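What follows is a set of notes on a single structure, which appears directly below.
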Amino acid sequence: MSIRQSALGCVVFALIGASWAAAQEFSERPGLFGIFDEVRGGLVYPVQPNDDSGITLSGQLYFRAFVPPFQNYWANALLRPRVHVGGNLATGDDPINQVYAGLTWHFPIHGHFFFEGSFGGTWHDGPLESPGDGLDLGCEFLFRESIALGMEIGQRWRVLASADHSSHAGLCDGGNSGITHAGVYAGYLF
């Protein structure tokens, strides 16, 4: 199954579940120092056959949304993205490490379940061109997008299954193998 098919399935799942979530009350926590909303840590693994990055440690920090909550499901979900910053530290034989930032949209689905999608940019230290059958990433700065399905556990904890993809979308010379991961995260809400 491709990333596009997975993303489409997640979006359809989120849209179906939106009717259940429409009745929820929108509020927000004060956050850490009134700025930070959540911290996440996880393990991801590359899904491309030529990526020898191995198990990758991943960490993310989310800022609070910059506008107050709306009392409308779609306005709240679409017009209040959170800024995130993060990084990946690969442990394999030929590691590709990343730092990234972007915007994350959160869609409550039903009860404790939610869907997230993000878009931003990343810098990596992987190969721009590969002499053999390795990855050809084309340029150091790439677009990065991700999807996740998650579940809240109690008031402060959540777990997520996630997939992310980074590539230059044909805007650089050379190859465009991209970097794609799938993994799991644990998040703590401040």
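The values are calculated or read from the model by the stated rules, or taken from the named source; none is laboratory data. Predicted, not measured: the structure shown is a model, and the values here were computed from it. Note: ideal-geometry Cβ built from the backbone for every residue, glycine included; neighbour counts use all protein chains shown.
See the values below:
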{"read-out": "Matching residues, the stretch 86-118, being aliphatic (A, V, I, L, M) and either in a strand (DSSP E or B) or touching a helix residue (DSSP H, G or I) at 6+ places or on another chain (Cβ under 7 Å) (or both)", "value": "LEU89, ALA90, VAL99, ALA101, LEU103, ILE109"}
{"read-out": "Pair list, Cβ < 6 Å and 6+ apart or interchain, from the stretch 169-182 residues that are under 19 Å from ILE96 (Cα atoms) to residues that are surrounded by fewer than 16 Cβ atoms within 10 Å (Cβ to Cβ) and among the charged types (D, E, K, R)", "value": "GLY174/GLU129"}
{"read-out": "Residue match in the stretch 50-66 (condition: under 20 Å from ASP37 (Cβ atoms) and surrounded by fewer than 14 Cβ atoms within 10 Å (Cβ to Cβ))", "value": "yes"}
{"read-out": "Complete set of residues in the stretch 92-128 that are modelled with pLDDT of 95 or more and β-branched (Val, Ile, Thr)", "value": "VAL99, THR104, THR122"}
{"read-out": "Number of positions in the stretch 124-165 that are more than 15 Å from the chain's Cα centre (by Cα), in a strand (DSSP E or B), farther than 20 Å from ILE109 by Cα and touching a residue at least 40 places away in the same chain (Cβ under 8 Å)", "value": "1"}
{"read-out": "Test for GLY121: is it assigned to a strand (DSSP E or B), in contact with a Gly (Cβ under 9 Å, 6 or more places away or on another chain), without any contact (Cβ under 8 Å) to a residue 40 or more places away in the chain and of a type outside the set (Lys, Arg)", "value": "yes"}
{"read-out": "Residue within the stretch 123-131 that is buried (at least 16 other Cβ atoms within 10 Å of the Cβ) and more than 16 Å from SER53 (Cβ to Cβ) present", "value": "no"}
{"read-out": "Counted residues, the stretch 91-121 - those being surrounded by 18 or more Cβ atoms within 10 Å (Cβ to Cβ) and charged (D, E, K, R)", "value": "1"}
{"read-out": "Any chance PRO108 is out of contact with any Asp or Glu (no Cβ under 7 Å at 6 or more places or on another chain) and in contact (Cβ under 8 Å) with a residue 12 or more places away in the chain", "value": "yes"}
{"read-out": "Qualifying residue in the stretch 91-98 (condition: hydroxyl-bearing (Ser, Thr, Tyr) and touching a strand residue (DSSP E or B) at 6+ places or on another chain (Cβ under 6 Å))", "value": "no"}
{"read-out": "Flag for ILE147 being of a type in the set (A, V, I, L, M), loosely packed, with under 14 Cβ neighbours inside 10 Å and modelled with pLDDT of 95 or more", "value": "no"}
